[in-house]
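**Q** This structure is in structure tokens; I'll ask about it shortly.
The values are calculated or read from the model by the stated rules, or taken from the named source; none is laboratory data. Note that the structure is predicted; figures quoted are calculated from it, not measured. Cβ sites come from the backbone with ideal geometry, for glycine too, and all protein chains shown count toward neighbours.
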Amino acid sequence: MLEPKINNQLKVVVGGLIYQNKKILICQRKEEGDHPLKWEFPGGKVKDLEDNQEALNRELKEELNIEINEMIFFDEYLYEYKELSKKLKLVFFNIFQFEEKFRLKFINN
């Protein structure tokens, strides 16, 4: 369940559009926590003193054990959760070259 936030500070979140064999990788969130079982592009919050690319490298290594070889800025936009007084700046990068430490499964729907 989402917790109401008091501040209206802008948070920056990065996401990777990871391509392989004409497919894009998406991940499903855990059953517990914010946005349970929702689908998302891999990534996460940018920490203090981190730039967007450093944050995406860190998040993909932590979450999926992926090393990014090349990323290219794709797009960004602002989103506001009005009921939570929370604003997000979402920044996306295309990732065409990466190294997997274990095999990722890209499936057809």
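**Q** Name every residue in region 81-95 that is in a strand (DSSP E or B) and modelled with pLDDT under 90, in order of residue number.
**A** Result: TYR81, LYS86.
**Q** Just for region 59-98: of the residues that are of a type in the set (S, T, N, Q) and either closer than 14 Å to GLY15 by Cα or out of contact with any Lys or Arg (no Cβ under 9 Å at 6 or more places or on another chain) (or both), which one is surrounded by the most Cβ atoms within 10 Å (Cβ to Cβ)?
**A** Of region 59-98, the ones of a type in the set (S, T, N, Q) are 65, 69, 85, 94, 97.
Subsequent filtering for residues that are either closer than 14 Å to GLY15 by Cα or out of contact with any Lys or Arg (no Cβ under 9 Å at 6 or more places or on another chain) (or both) retains 69, 94, 97.
Values: ASN69: 10, ASN94: 15, GLN97: 11.
The residue in question is ASN94.
**Q** Can GLU62 be described as more than 19 Å from PHE106 (Cβ to Cβ), within 14 Å of the chain's Cα centre (by Cα) and modelled with pLDDT under 95?
**A** In short, yes.
Here's the yes/no breakdown for (1) touching a residue at least 60 places away in the same chain (Cβ under 8 Å); (2) of a type in the set (A, V, I, L, M); (3) touching a Leu at 6+ places or on another chain (Cβ under 8 Å):
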position	(1), (2), (3)
VAL14	yes, yes, yes
LEU25	yes, yes, yes
HIS35	no, no, yes
GLY43	no, no, yes
ASP51	no, no, no
ARG58	no, no, no
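**Q** Quick one: TRP39 ticks every box in (1) in contact with a strand residue (DSSP E or B) (Cβ under 7 Å, 6 or more places away or on another chain); (2) surrounded by 11 or more Cβ atoms within 10 Å (Cβ to Cβ) except a single one, so which number is it?
**A** Unmet condition: (2).
Rundown of residues vs (1) at pLDDT 90 or above; (2) closer than 13 Å to TYR81 by Cβ; (3) basic (Lys, Arg), yes/no style:
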| site | (1), (2), (3) |
| --- | --- |
| VAL13 | yes, yes, no |
| ASN21 | no, no, no |
| GLN28 | no, no, no |
| GLY33 | no, no, no |
| TRP39 | yes, no, no |
| PRO42 | yes, no, no |
| LYS47 | yes, no, yes |
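**Q** Please go through region 40-79 and pick out each residue that is part of a loop (DSSP other than H, G, I, E, B) and not aliphatic (A, V, I, L, M).
**A** PHE41, PRO42, LYS47, ASP48, GLU50, ASP51, ASN65
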